[in-house]
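Chemist: Quick one: the structure is below, questions incoming.
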Amino acid sequence: MRLTWDDVSSRRLARHHLTDGDRAGDPAAAAAGALGIHAQVMSAAEVSIGIRTGGVTRAGVRDALWAAASEPPAAECSLIKSRGPRGTVHLLAAADLPMWTGALQAVPAGASPFAPGVRMTGTQTDQVVAAISDAVAVADAPLTVDELTAAIVVRAGPWAGERVMPAFQDLWPRWRQAEAAAMNRGAMCFGPDRARRATYMSPARRIAGFRPAPVDEALATLVTRYLRTYGPATPAHFARWLGASPAWAAGLFTRFAGLIEPVDFDGVEAWVALGDTTFEGRRYGGLRLLPYFDAYLIGCSPRATLFPGRAGERALTNGQAGNVPALLVDGVVAGVWHQRRSGRRIAVTVEPFVPLGARLLRLLDAEVDRIAEILEGRAELTVGPVTVGPHA
């Protein structure tokens with residue numbers, strides 16, 4: 001089967017809920033459709049979800065995420081804040097957390113960046129994860145870093161709390177090297193911030209009966225869902241998106257060969273989920289403003305086609321996507337943008353790299369209004385140069 005960018009782009013946009021006729025019904029459906037929403041910048045995550053849904057604002061995202069988060073024993077939610085692909089903070093559909101935790105714990109960890117006297121052994125990591133699991137399970141409320149550190153020291157020993165881990169011009173307690181491992185194994189997730197401090201809690205308090213899915217089942221599901229959302233794709237594309245080694249990803253595609261099939265994507269062999277070969281064969285003619293680290297920008301390949309010409313120079317940072325908010329026209333990056341908030345006023349500056357005719361300007365006005373609605377503010381649009389640099 002031979003496919004072009006136009007074939008693939010229109011389907012990806014629809015499955016990301018980025019076309020007018022394919023909006024998600026709620027925040028969880030938006031997060032599931034994109035296979036996770038990057039949430040290092042929370043306001044950007046709220047926009048990523050909002051533009052994929054009809055009428056949902058940041059309050060709706062927060063309700064889906066934090067509704068009754070402190071009530072024991074289990075307060076159901078539809079979104080979970082945890083670690084996702086590439087080890088970064090994501091908003092995940094709660095229903096998908098068993099898959100994510102089953103799969104992520106199987107991704108081989110890279111070499112530790114810490115000195116021998118600082119890094120934790122595999123046994124120590126297991127001890128800390130067990131201590132975290134027990135501490136958040138019995139806590140009456142989500143725990144701050146300091147509270148969780150104290151609880152871990154009681155269970156694992158003083159070594160776990162030693163402030164030896166260099167991070168952000170400070171020294172963190174040693175156990176925090178295992179934070180990602182604890183989330184990947186389903187031992188904890190993020191709770192609501194307390195006075196701007198992060199908190200941690202048990203996923204079982206958010207999802208009744210929660211447990212990670214069996215590893216093989218979770219990996220098979222993740223591969224096929226990734227290909228349905230971002231395919232056709234190669235093992236190298238999957239590795240970059242997930243944050244895994246290309247060799248391991250290639251082995252995974254071989255392992256699940258019976259669940260996937262190859263196609264020709266602009267002259268390159270790539271894969272789709274078995275039987276998932278329906279493509280419309282037309283380019284989507286629309287406009288979207290995608291925020292920092294939007295899943296579509298980070299996950300779609302090849303980047304040279306998604307970020308053509310000047311877009312590759314302005315919207316990519318050393319080849320990395322997501323550090324700059326992007327104007328999407330007809331499924332490819334055609335500009336950059338930035339928003340600055342002051343009270344309810346949201347100043348939006350859009351710098352297009354292509355001429356915007358009357359139709360696209362009308363779509364741009366509507367998109368800016370939608371972002372203001374999501375962020376519960378009042379937008380003012382300026383079409384002109386964006387002078388703000390990329391996000392760190």
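Chemist: Find all pairs meeting these conditions: Cβ atoms under 7 angstrom apart; at least six residues apart or on different chains; first residue within the range 17-37 and among the basic types (Lys, Arg); second residue surrounded by 18 or more Cβ atoms within 10 Å (Cβ to Cβ).
Modeler: These pairs meet every condition: Arg23/His17; Arg23/Arg52; Arg23/Thr53.
Chemist: Now, a different point. Can you tell me which residue in the range 327-360 is farthest from Arg11 (Cα to Cα), limited to those that are part of a helix (DSSP H, G or I) and free of Cβ contacts under 8 Å to residues at least 12 places away in the same chain?
Modeler: Top of the filtered list is Ala358.
Chemist: Let me ask something else about it. For Leu97, indicate whether it is without any contact (Cβ under 8 Å) to a residue 40 or more places away in the chain, touching a strand residue (DSSP E or B) at 6+ places or on another chain (Cβ under 6 Å) and either crowded, with 21+ Cβ neighbours inside 10 Å or part of a strand (DSSP E or B) (or both).
Modeler: Judged against the criteria, Leu97 is not a match.
Chemist: Filter the range 176-199 down to the residues that are surrounded by fewer than 24 Cβ atoms within 10 Å (Cβ to Cβ), in contact (Cβ under 8 Å) with a residue 24 or more places away in the chain, assigned to a strand (DSSP E or B) and of a type outside the set (Gly, Ala, Ser) and list them by number.
Modeler: Phe190, Pro192, Arg194, Arg197, Thr199
Chemist: Inspect the range 282-305 for any residue being surrounded by fewer than 16 Cβ atoms within 10 Å (Cβ to Cβ), in contact (Cβ under 8 Å) with a residue 24 or more places away in the chain and at positive phi and give the result as yes or no.
Modeler: Within the range 282-305, not a single residue is surrounded by fewer than 16 Cβ atoms within 10 Å (Cβ to Cβ), in contact (Cβ under 8 Å) with a residue 24 or more places away in the chain and at positive phi.
Chemist: Using the structure shown, decide if Ala131 is of a type in the set (A, V, I, L, M) and farther than 27 Å from Leu97 by Cβ.
Modeler: no
Chemist: For the range 139-169, which residues satisfy the criterion of being over 30 Å from the mean Cα position of the chain (by Cα) and not in a helix (DSSP H, G or I)?
Modeler: Result: Gly157, Glu162.
Chemist: Does the range 12-57 hold any residues that are assigned to a helix (DSSP H, G or I), closer than 18 Å to Pro325 by Cα and not acidic (Asp, Glu), and which are they?
Modeler: Those that are assigned to a helix (DSSP H, G or I), closer than 18 Å to Pro325 by Cα and not acidic (Asp, Glu): Leu13, Met42, Ser43, Ala44, Ala45, Val47, Ser48, Ile49, Gly50.
Per-residue answers, yes or no, for (1) under 19 Å from Gly55 (Cβ atoms); (2) surrounded by 12 or more Cβ atoms within 10 Å (Cβ to Cβ):
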position: His338; (1), (2): no, yes
position: Ser342; (1), (2): no, no
position: Ala347; (1), (2): no, yes
position: Val350; (1), (2): no, yes
position: Pro355; (1), (2): no, no
position: Leu361; (1), (2): no, yes
position: Leu364; (1), (2): no, yes
position: Arg370; (1), (2): yes, yes
position: Glu376; (1), (2): yes, yes
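Chemist: Check Gly36, Gly55 and return the single one that is farther than 30 Å from Glu162 by Cβ, of a type in the set (Gly, Ala, Ser) and surrounded by 16 or more Cβ atoms within 10 Å (Cβ to Cβ).
Modeler: Of the residues listed, the single one that is farther than 30 Å from Glu162 by Cβ, of a type in the set (Gly, Ala, Ser) and surrounded by 16 or more Cβ atoms within 10 Å (Cβ to Cβ) is Gly36.
Chemist: I've got another one for you. Go through (1) closer than 23 Å to Trp241 by Cα; (2) touching a Leu at 6+ places or on another chain (Cβ under 9 Å); (3) not acidic (Asp, Glu) and name the single condition Thr349 misses.
Modeler: Thr349 satisfies all of (1) closer than 23 Å to Trp241 by Cα; (2) touching a Leu at 6+ places or on another chain (Cβ under 9 Å); (3) not acidic (Asp, Glu) except (1).
Chemist: For the range 105-143, name all the residues that are among the aliphatic types (A, V, I, L, M), under 21 Å from Met165 (Cβ atoms) and either surrounded by fewer than 18 Cβ atoms within 10 Å (Cβ to Cβ) or touching a residue at least 60 places away in the same chain (Cβ under 8 Å) (or both).
Modeler: Passing the criteria: Ala109, Ala111, Ala115, Val118, Ala130, Ile132, Val136.
Chemist: Let me ask something else. Which residue out of Pro116, Pro158, Pro166 is at pLDDT below 95, more than 24 Å from Ser245 (Cα to Cα) and out of contact with any helix residue (DSSP H, G or I) (no Cβ under 8 Å at 6 or more places or on another chain)?
Modeler: When all the criteria are applied, what remains is Pro166.
Chemist: Do we have Gly322 as at pLDDT below 95 and either farther than 29 Å from Ser43 by Cβ or in contact with a Gly (Cβ under 9 Å, 6 or more places away or on another chain) (or both) here?
Modeler: No; evaluated as a whole, the condition is false for this residue.
Chemist: Sticking with this one: Go through (1) surrounded by fewer than 17 Cβ atoms within 10 Å (Cβ to Cβ); (2) touching a helix residue (DSSP H, G or I) at 6+ places or on another chain (Cβ under 9 Å) one by one and return the number of the condition Tyr226 breaks.
Modeler: Only one criterion is unmet by Tyr226, namely (1).
The values are calculated or read from the model by the stated rules, or taken from the named source; none is laboratory data. Predicted, not measured: the structure shown is a model, and the values here were computed from it. Counting neighbours? That spans all protein chains shown, and the Cβs are built from the backbone with ideal geometry, glycine included.
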